[in-house]
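What follows draws every value from the coordinates through simple rules; no lab data is involved. Just so you know, these numbers come straight off a predicted model, no measurement behind them. Neighbour counts are summed over all protein chains in view; Cβ atoms, including those assigned to glycine, are modelled from backbone coordinates with ideal geometry.
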């Protein structure tokens, strides 16, 4: 059982729906069914969702492995909460101009969560 990871998987799942819906609703509004149609808003919406689906799953898998390997609940909560906040910050910061402190913060925190969790998984594999 992974009750702590389940909380963050659920929150990230909801965020995935929000990000996907943002892109889909913009597609309906603009009539662009494929690609970005040259619209920077559509490109930003696509990248919000795409970047999320590129990075969140591996981080969540690593966190789940840590929970399965018996890493403390507090550590799993810290990693999970940081990941959720990072993904929200990244999505909020990824605007049509593609430059924002929130975007950088979100990307950096996501990378940090993955790095910490990956190294920790390697260490726990020797225990």
With Cα atoms, 0 to 90° folded angle of helix 3-30 axis to the chain main axis: 10 degrees
Relative to the longest principal axis of the C-alpha atoms of the chain, give the angle of the C-alpha long axis of helix 101-125, reported between 0 and 90° and rounded to the nearest 10°. 30 degrees
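With an 8 Å cut-off on Cα pairs and a minimum separation of 6 or more residues, tell me the relative contact order of the chain in percent. Intermediate results must be reported in sequence, preceding the final value.
Details: 129 pairs, mean separation 36.2, N = 127.
Relative contact order of the chain: 29 percent.
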In degrees from 0 to 90, rounded to the nearest 10, what is the angle of the helix 40-68 Cα long axis to the longest principal axis of the chain? 10 degrees
Ranked by Cβ crowding within 10 angstrom, fewest neighbours first, how are 46, 28 ordered? 28, 46
With a point put 7 Å past each Cα toward its Cβ, work out how far residue 75 is from residue 112 in nm, to one decimal. 1.8 nm
Paramagnetic label zone (point 7 Å from Cα along Cα-to-C-beta, residue 68; backbone N under 18 Å) in the stretch 6-27: 6-10
What distance in nm lies between label points placed 7 Å from Cα along the C-beta direction at residue 123 and residue 92? 3.1 nm
Structure-derived mean projected area of the Cα convex hull in nm² - corresponding label in (i) 8.8; (ii) 7.2; (iii) 7.9: (iii)
Estimated inter-spin distance, residue 85 and residue 34, nm [label 7 Å along Cα→Cβ]: 4.2 nm
